[in-house]
Amino acid sequence: MLLAVAGGIAQSTQASINGALGKKIGSFEGAFFSFFIGMISLLLITFFFGKGNLLNVFQVPKWQLFGGLLGAAFVAIQVFAVPKVGAGATIISIIAGQIIMSLIADQFGLFGNPKIALHGTRLVGVLLLIVALFLIFKGGAKA
(Lines give C-alpha, C1' and ligand atoms only; values in the text may rest on other atoms or scores of the structure.)
Protein backbone atom coordinates (compact mmCIF):
# COMPACT_ATOMS: atom_id res chain seq x y z
CA MET A 1 0.00 0.00 0.00
CA LEU A 2 2.83 2.43 0.76
CA LEU A 3 4.27 1.84 -2.70
CA ALA A 4 0.86 2.68 -4.20
CA VAL A 5 0.73 5.88 -2.13
CA ALA A 6 4.21 6.76 -3.41
CA GLY A 7 2.92 6.15 -6.94
CA GLY A 8 0.05 8.54 -6.27
CA ILE A 9 2.47 11.18 -5.00
CA ALA A 10 4.61 10.71 -8.10
CA GLN A 11 1.54 10.92 -10.35
CA SER A 12 0.35 14.17 -8.78
CA THR A 13 3.83 15.66 -9.01
CA GLN A 14 4.08 14.49 -12.62
CA ALA A 15 0.78 16.17 -13.47
CA SER A 16 1.97 19.54 -12.17
CA ILE A 17 5.34 19.24 -13.88
CA ASN A 18 3.78 18.15 -17.17
CA GLY A 19 1.24 20.97 -17.04
CA ALA A 20 4.00 23.54 -16.60
CA LEU A 21 6.08 21.93 -19.35
CA GLY A 22 3.11 21.93 -21.72
CA LYS A 23 2.55 25.65 -21.13
CA LYS A 24 6.17 26.34 -22.13
CA ILE A 25 6.64 24.08 -25.15
CA GLY A 26 3.13 23.04 -26.20
CA SER A 27 0.73 20.40 -24.95
CA PHE A 28 1.57 17.55 -27.30
CA GLU A 29 5.25 18.43 -27.19
CA GLY A 30 5.19 18.37 -23.38
CA ALA A 31 3.44 15.01 -23.37
CA PHE A 32 5.95 13.68 -25.90
CA PHE A 33 8.99 14.74 -23.86
CA SER A 34 7.52 13.44 -20.62
CA PHE A 35 6.79 10.06 -22.20
CA PHE A 36 10.18 10.05 -23.98
CA ILE A 37 12.13 10.65 -20.74
CA GLY A 38 10.07 7.92 -19.08
CA MET A 39 10.82 5.53 -21.95
CA ILE A 40 14.56 6.18 -21.73
CA SER A 41 14.44 5.67 -17.96
CA LEU A 42 12.61 2.35 -18.31
CA LEU A 43 14.96 1.27 -21.08
CA LEU A 44 17.95 1.74 -18.76
CA ILE A 45 16.19 0.07 -15.82
CA THR A 46 15.22 -2.88 -18.04
CA PHE A 47 18.76 -3.17 -19.42
CA PHE A 48 20.45 -3.16 -16.01
CA PHE A 49 17.85 -4.78 -13.76
CA GLY A 50 15.34 -6.59 -15.98
CA LYS A 51 14.81 -10.29 -15.38
CA GLY A 52 12.11 -11.02 -17.97
CA ASN A 53 12.25 -11.81 -21.68
CA LEU A 54 11.28 -8.99 -24.04
CA LEU A 55 10.87 -11.43 -26.92
CA ASN A 56 7.80 -12.84 -25.18
CA VAL A 57 6.01 -9.65 -26.20
CA PHE A 58 5.31 -11.35 -29.55
CA GLN A 59 3.41 -14.13 -27.77
CA VAL A 60 1.01 -12.09 -25.62
CA PRO A 61 -2.52 -11.24 -26.72
CA LYS A 62 -2.35 -8.03 -28.76
CA TRP A 63 -4.86 -6.23 -26.53
CA GLN A 64 -2.27 -6.34 -23.72
CA LEU A 65 -0.04 -4.00 -25.77
CA PHE A 66 -2.75 -1.33 -25.74
CA GLY A 67 -1.58 -0.15 -22.30
CA GLY A 68 1.21 1.94 -23.84
CA LEU A 69 -1.29 3.88 -25.91
CA LEU A 70 -3.42 4.46 -22.82
CA GLY A 71 -0.34 5.64 -20.92
CA ALA A 72 0.49 8.16 -23.66
CA ALA A 73 -3.11 9.40 -23.63
CA PHE A 74 -2.96 9.70 -19.84
CA VAL A 75 0.16 11.87 -19.97
CA ALA A 76 -1.31 14.05 -22.74
CA ILE A 77 -4.54 14.51 -20.76
CA GLN A 78 -2.53 15.66 -17.72
CA VAL A 79 -0.68 18.22 -19.82
CA PHE A 80 -3.96 19.60 -21.19
CA ALA A 81 -5.98 19.53 -17.97
CA VAL A 82 -3.66 20.89 -15.25
CA PRO A 83 -3.27 24.39 -16.76
CA LYS A 84 -7.05 24.62 -17.21
CA VAL A 85 -8.45 23.28 -13.91
CA GLY A 86 -5.38 22.89 -11.68
CA ALA A 87 -3.53 19.87 -10.32
CA GLY A 88 -6.06 19.10 -7.57
CA ALA A 89 -9.13 18.92 -9.82
CA THR A 90 -7.16 17.02 -12.48
CA ILE A 91 -5.91 14.39 -10.05
CA ILE A 92 -9.25 13.87 -8.28
CA SER A 93 -10.88 13.50 -11.72
CA ILE A 94 -8.24 10.95 -12.70
CA ILE A 95 -8.75 9.08 -9.44
CA ALA A 96 -12.52 9.09 -9.95
CA GLY A 97 -12.08 7.65 -13.43
CA GLN A 98 -9.62 5.06 -12.15
CA ILE A 99 -11.89 3.92 -9.35
CA ILE A 100 -15.02 3.77 -11.50
CA MET A 101 -13.24 1.74 -14.19
CA SER A 102 -11.59 -0.47 -11.56
CA LEU A 103 -14.96 -1.27 -10.01
CA ILE A 104 -16.33 -2.16 -13.45
CA ALA A 105 -13.29 -4.39 -14.06
CA ASP A 106 -13.84 -6.04 -10.67
CA GLN A 107 -17.56 -6.54 -11.22
CA PHE A 108 -17.11 -8.30 -14.55
CA GLY A 109 -13.64 -9.80 -14.03
CA LEU A 110 -12.23 -7.83 -16.98
CA PHE A 111 -8.63 -8.20 -18.16
CA GLY A 112 -8.06 -11.34 -16.12
CA ASN A 113 -8.96 -9.73 -12.77
CA PRO A 114 -10.87 -11.71 -10.17
CA LYS A 115 -14.59 -10.95 -9.96
CA ILE A 116 -15.50 -8.79 -6.97
CA ALA A 117 -19.14 -7.80 -6.72
CA LEU A 118 -20.21 -4.16 -6.73
CA HIS A 119 -22.24 -3.78 -3.54
CA GLY A 120 -23.65 -0.97 -1.45
CA THR A 121 -20.47 -0.10 0.41
CA ARG A 122 -18.52 0.30 -2.83
CA LEU A 123 -21.32 2.39 -4.35
CA VAL A 124 -21.29 4.70 -1.32
CA GLY A 125 -17.52 5.06 -1.80
CA VAL A 126 -18.06 6.12 -5.44
CA LEU A 127 -20.73 8.62 -4.41
CA LEU A 128 -18.41 10.12 -1.78
CA LEU A 129 -15.66 10.33 -4.38
CA ILE A 130 -18.00 12.21 -6.73
CA VAL A 131 -18.86 14.60 -3.88
CA ALA A 132 -15.12 15.09 -3.25
CA LEU A 133 -14.58 15.81 -6.94
CA PHE A 134 -17.35 18.41 -6.89
CA LEU A 135 -16.03 20.09 -3.72
CA ILE A 136 -12.41 20.18 -4.89
CA PHE A 137 -13.39 21.51 -8.31
CA LYS A 138 -15.73 24.16 -6.86
CA GLY A 139 -13.20 25.11 -4.20
CA GLY A 140 -10.56 25.68 -6.86
CA ALA A 141 -12.91 27.77 -9.00
CA LYS A 142 -13.25 30.37 -6.22
CA ALA A 143 -9.51 30.96 -5.90
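The values are calculated or read from the model by the stated rules, or taken from the named source; none is laboratory data. The model shown is predicted, which means the values in this text are computed figures rather than measured ones. Note that each Cβ is placed from the backbone with ideal geometry, even for glycine, and that neighbours are counted across all protein chains shown. Surface areas here come from the heavy atoms of the whole protein model, side chains and all, with no ligands, DNA or RNA. Shrake-Rupley method; radii C 1.70, N 1.55, O 1.52, S 1.80 Å.
Output wanted: per-residue J couplings in Hz (rounded whole) for the range 60-77, from phi through Karplus 6.51 cos²θ - 1.76 cosθ + 1.60, θ = phi - 60°, x for Gly and Pro.
Whole-Hz 3J(HN,Hα) from phi for the range 60-77: 8, x, 4, 5, 6, 7, 5, x, x, 5, 5, x, 5, 4, 4, 5, 4, 4.
If one computes P(r) from the Cα atoms of the range 19-143, what percent of pairs lie at distances over 26 Å?
Distances greater than 26 Å cover 43 percent of the Cα pairs.
How many angstrom lie between the C-alpha centres of the range 57-133 and the range 4-33?
17 Å
For the chain, modelled as a Gaussian network with Cα springs under 10 Å, which listed residue fluctuates most, 66, 48, 80?
Answer for the Gaussian network model of the chain: 48.
Lysine pairs in the chain with alpha-carbon atoms under 16 Å apart, 8 or more places apart or on different chains: how many are there?
4
With springs only between Cα atoms under 10 Å, which of 59, 107, 78 fluctuates most in a Gaussian network model of the chain?
Judging by the Gaussian network model, the answer is 59.
Given a 10 angstrom Cα cut-off, can you work out which residue in 60, 75, 85 is the most mobile in a GNM of the chain?
With Cα springs under 10 Å in the chain, the top fluctuation among 60, 75, 85 is at 60.
Mind checking the per residue accessible area of the chain for me, 1.4 Å probe, whole number of Å²?
It amounts to 72 Å² per residue over the chain.
Roll a 1.4 angstrom probe over the protein heavy atoms and tell me the percent of accessible area of the chain that is carbon or sulfur.
Carbon-and-sulfur percentage of accessible area, whole number: 76.
Placing +1 on the Cβ of each Lys and Arg and -1 on the Cβ of each Asp and Glu in the chain, which of 130, 117, 95 has its Cα farthest towards the positive end of the resulting dipole?
About the Cα centre, the residue reaching furthest to the positive side is 130.
What does the helix-only formula give at 222 nm for the chain: each DSSP H stretch with n ≥ 4 adding -39500 (n - 2.57), the total divided by the residues, and the result rounded to the nearest 500 deg cm²/dmol?
Per the formula, -28000 deg cm²/dmol.
To the nearest 20 debye, what charge dipole does the chain have about its Cα centre, counting +1 at the Cβ of each Lys and Arg and -1 at the Cβ of each Asp and Glu?
Value, rounded to 20: 200 debye.
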